[in-house]
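Colleague: Pasting a structure here, questions to come.
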Amino acid sequence: MNPAPPAVGPYRNPLAGQRADPHITRHTDGRYYFTATVPAYDRIVLRSSRTLNGLATAEESVIWSRHADGDMAAHIWAPELHHIDGAWYVHFAAAPADDVWKIRIWVLENVSADPRQGTWTEKGQVLTAWDTFSLDAHPFTHGGERYLAWAQHEPGQENNTALFLSRMADPWTLTGPQVRIAAPEHDWERVGFAVNEGPAVLQRNGRVFMTYSASATDANYCVGLLTAGQGSDLMDPASWAKSPQPVFTGSAETGQYGPGHNCFTVAEDGLTDVLVYHARPYEEIAGDPLDDPGRDTRVQPLGWRADGTPDFGVPVRS
């Protein structure tokens, strides 16, 4: 008799309290690995479990801490953990101690088979075409080539950040042209701040879907969607179509606000796509939203429509 397939959900929400910009990857060892921004913005943490719900109670270790001075000393944001060419890499944002808004993209490497073991070494900064505010690096592979999507401020543009794409020579080096594939053009992308950030890629049904987050990190934060054909030239901005409305927003009915900075993973059955994101269980925030620690990591199954496009639904009730 064949064993029953692993159950999918129901998932515990929030999965992790006060963990923003979550990133969960399921590795070939069958384990889930979870990292996220912590409220102190001072370190990179890691959890692991054989189930998604198990991440809620898994031991959390610190794999890297900010420098006391100089580079990588402030605003440690949005780490993503990826296994690339036999090693583990963390792409994250950081700023120098003497200029905390000079945020740039940095990379760590660990050659151990288990990212909870071994040594994390600093591979340096991802150098982009302009030395400007940049963050939210997301590596992915398409058509046998490796790409990096990220958010950056382009000089001369009237926005905070747009989305850029480049091929990669290795996990910390860009190669060839760097192109802007999306910028905040709609009103819902420009509330508080004019922002497209936090790209995440899911390739399904003959298409490449790239989600991103828009507007300020308060209750207006939401998720937009870019779509390209699987066989298209991703480096051609014309290949990407932007949905005119956000695809995932807060819900007064379920009591979750400002969902965003999502990623995708797969459920325990190895088949069901799972949406990972952060949101707050309240709408009003006193002061700067970046000083409010209440962004919680949440997970829910991702739906699919008959036409092969993703159905994000609404943030589920806790």
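The values are calculated or read from the model by the stated rules, or taken from the named source; none is laboratory data. Computed from a prediction, not measured in an experiment: that's the story for all the values here. Cβ atoms come from the backbone with ideal geometry, glycine included; neighbour counts cover every protein chain shown. Areas reflect the complete protein model, heavy atoms only, side chains present, ligands, DNA and RNA absent. Shrake-Rupley method; radii C 1.70, N 1.55, O 1.52, S 1.80 Å.
Colleague: Read phi for every residue in region 281-289 and hand back ³J(HN,Hα) as whole Hz from Karplus 6.51 cos²θ - 1.76 cosθ + 1.60, θ = phi - 60°, with x for Gly and Pro.
Modeller: Working through the residues one at a time gives x, 8, 8, 8, 10, 8, x, 5, x Hz.
Colleague: Moving on. Give me the percent of accessible area attributable to carbon and sulfur for region 109-198, probe 1.4 angstrom. Please report the intermediate quantities before stating the final value.
Modeller: Working: 1870 of 3980 Å².
Carbon plus sulfur share of accessible area: 47 percent.
Colleague: So, R0 is 41 Å and r is the distance between the beta-carbons of Gln117 and His142; what FRET efficiency does that work out to, to 0.05?
Modeller: That gives a FRET efficiency of 0.85.
Colleague: If you wrap the chain's Cα atoms in a convex hull and average its projection over all directions, what's the area in nm²? Display every interim value, and only then the final one.
Modeller: Details: hull surface 67.4 nm².
Mean projected area for the chain: 16.9 nm², to one decimal.
Colleague: Further, regarding this structure: Counting DSSP beta bridges in region 122-232, what percent are antiparallel, to the nearest 5? Could the numbers behind the result be given before it?
Modeller: Working: 35 of 36 bridges.
That works out to approximately 95 percent antiparallel.
Colleague: Using 1/(1 + (r/R0)^6) with R0 = 22 angstrom and r between the beta carbons of Trp101 and Val62, what's the FRET efficiency to the nearest 0.05? It would help to have the intermediate numbers written out before the result.
Modeller: Numbers: r = 24 Å, r/R0 = 1.11.
Computed FRET efficiency for Trp101 and Val62: 0.35.
Colleague: Taking only the alpha-carbon positions of region 209-318 and ignoring solvent, what does the Debye formula give for the base-10 log of I(q)/I(0) at q = 0.13 Å⁻¹?
Modeller: Listed by q, the Debye log ratios stand at -0.53.
Colleague: Which percent of Cα-Cα pairs in region 1-72 sits in each 5 Å bin, short to long?
Modeller: 3, 14, 22, 23, 14, 9, 7, 4, 2, 1, 1, 0, 0
Colleague: What is the P(r) of region 18-59, as percent of Cα-Cα pairs per 10 Å bin from 0?
Modeller: Per 10 Å bin, starting at 0, the Cα pair percentages come out as 30, 54, 15, 0.
Colleague: Largest first and in whole Å, give the semi-axes of region 181-242's equivalent ellipsoid, each being the square root of 5 times a Cα gyration tensor eigenvalue. If you can, show how the numbers build up before the last one.
Modeller: Numbers: eigenvalues 112, 27, 11 Å².
Equivalent-ellipsoid dimensions as semi-axes: 24, 12, 7 Å.
Colleague: Can you tell me what the convex hull of the Cα atoms of region 1-141 projects to on average, as an area in nm²? Each step should come with its number before you reach the end.
Modeller: Values: hull surface 41.1 nm².
Quarter of the Cα hull surface area: 10.3 nm².
Colleague: Can you pull the Rg over Rh of region 113-260, Cα-only, Kirkwood?
Modeller: Values: Rg = 16.1 Å, Rh = 16.3 Å.
Rg divided by Rh gives 0.99.
Colleague: Also, quick follow-up: Given region 37-98, report the % of alpha carbon pairs whose separation exceeds 19 Å. Display every interim value, and only then the final one.
Modeller: Working: 747 of 1891 pairs.
Every Cα pair in region 37-98 considered, those over 19 Å come to 40 percent.
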